[in-house]
Amino acid sequence: MRTPVVMTLGMVLVPCGLLLNLTGTLAPGWRLVKGFLNEPVDVVLYQGLWDMCREQSSRERECGQTDKWGYFAATPVVVARGLMVTSLAVTALGLLLASLGVRCWQDEPRFLLAGVSGVVLFLAGLLSLIPVSWYNHFLADRAVLPAPASPVTVEVSYSLVLGYLGSCLLLLGGFSLALSFAPWCEECCYRSHKKTAGSPRRPSISTVYVEPALTPAIKYYSDGQHRPRPAEFGATDKPKVGFPMPRPPPKAYNNPGDVLDGETVTDSQGASSRSTRPCHSSLPCDSDL
């Protein structure tokens, strides 16, 4: 099975976000301070979460500068340290879960584990976005983030930009991996529906029972004879339903040769008598009818 696109996209964005956040956390470039009095014009000071660096165009960068204004004790800096480190740890955990869930080396990924890793990575993106946004909000507030008074100016530096980019990539990658919950939910619904369909259905008020077709009670008749009951409808010794068709009365003949046993013979005076002629094998007898 090919790796789904959402998983591939998440596995590409998350490492990039982790690298950007790691660089932004360690690099001393959250705020740029310049315009110092009694200093050359090209002197700038880079302030980060852990260090300060002084840079001049004619000299190399000098880090480990003394904090003269209490910058590292500011609340946004302290909170940013804790949240950024926590975000990096959560990102590493989420990336490990994503690797085990996506399983590019296997035929079938683990959708549930990949979805959980997406949630974890999305949380990591929020943990890094909060301190970056908070620091940027108080960037020029010298009461919250101490800095020398005017004419010294403060500006956004590159580490803050890297923090924004890394947080956004983590959010996008985590959201993309969290979409892996969709196939897992679909599979769970299919199993539940299949299990429900396989179990016997409980009778309810809406259940309609269809009775089998009833055996016809009235038989058909042909030529005055009653048809025998079919074998599939039951035994023949049961009482017959209905009533026989009426038989025609015996016929009267003038010629005694045409008279059968039981029929009436009419002579020339109009008198009639019943024939007692014996039954021949070639002619149907009355007793057979």
**Message:** Given Cα positions, please report Rg to Rh for the range 5-185, the hydrodynamic radius being the Kirkwood one.
**Reply:** 1.12
**Complete:** Computed over the range 1-77, protein heavy atoms only, probe 1.4 angstrom, the accessible area per residue in square angstrom equals 55 Å²
**Message:** Give the residue list of trypsin sites (Lys or Arg not before Pro) in the range 40-93 that are DSSP loop and have at most 13 other beta-carbon atoms within 10 angstrom.
**Reply:** ARG59, ARG61, LYS68
**Asked** Which Cα, out of VAL120, LEU139, PHE36, lies furthest along the positive dipole direction of the range 5-185 (beta carbon charges, K/R +1, D/E -1)?
**Response** VAL120
**Item:** Per-selection Kirkwood Rh - the range 1-98 (Cα, Å, 1 d.p.)
**Value:** 16.0 Å
**Prompt:** So if we plug the beta-carbon distance of GLU186 and ILE130 into 1/(1 + (r/R0)^6) with R0 = 41 Å, what FRET efficiency do we get, rounded to 0.05?
**Reply:** 0.75
**Asked** For SER157, which sequence-distant residues (separation of 5 or more, or a different chain) have an amide H within less than 5 Å of its own amide H, given hydrogens modelled in the peptide plane?
**Response** ARG31, LEU32
**Nearest-20 debye value, the range 5-185 charge dipole, Cβ charges on Lys, Arg, Asp, Glu** = 180 debye
**Prompt:** With each pseudo-label sitting 7 Å past Cα toward Cβ, what's the CYS63-CYS16 distance in nm, one decimal?
**Reply:** 2.6 nm
**Request:** Please give the length that would be gained between VAL78 and VAL119 if that part of the chain were fully extended, namely 0.36 nm times their separation in residues minus their C-alpha to C-alpha distance (nm, one decimal).
**Result:** 12.1 nm
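The values are calculated or read from the model by the stated rules, or taken from the named source; none is laboratory data. The structure presented is a predicted model; accordingly, all values stated were derived computationally and were not measured. A quick note on method: Cβ atoms are made from the backbone with ideal geometry, for glycine too, and the neighbour counts reach across all protein chains shown. Accessible surface is based on the protein model in full, side chains and every heavy atom, while ligands, DNA and RNA are left aside. Shrake-Rupley method; radii C 1.70, N 1.55, O 1.52, S 1.80 Å.
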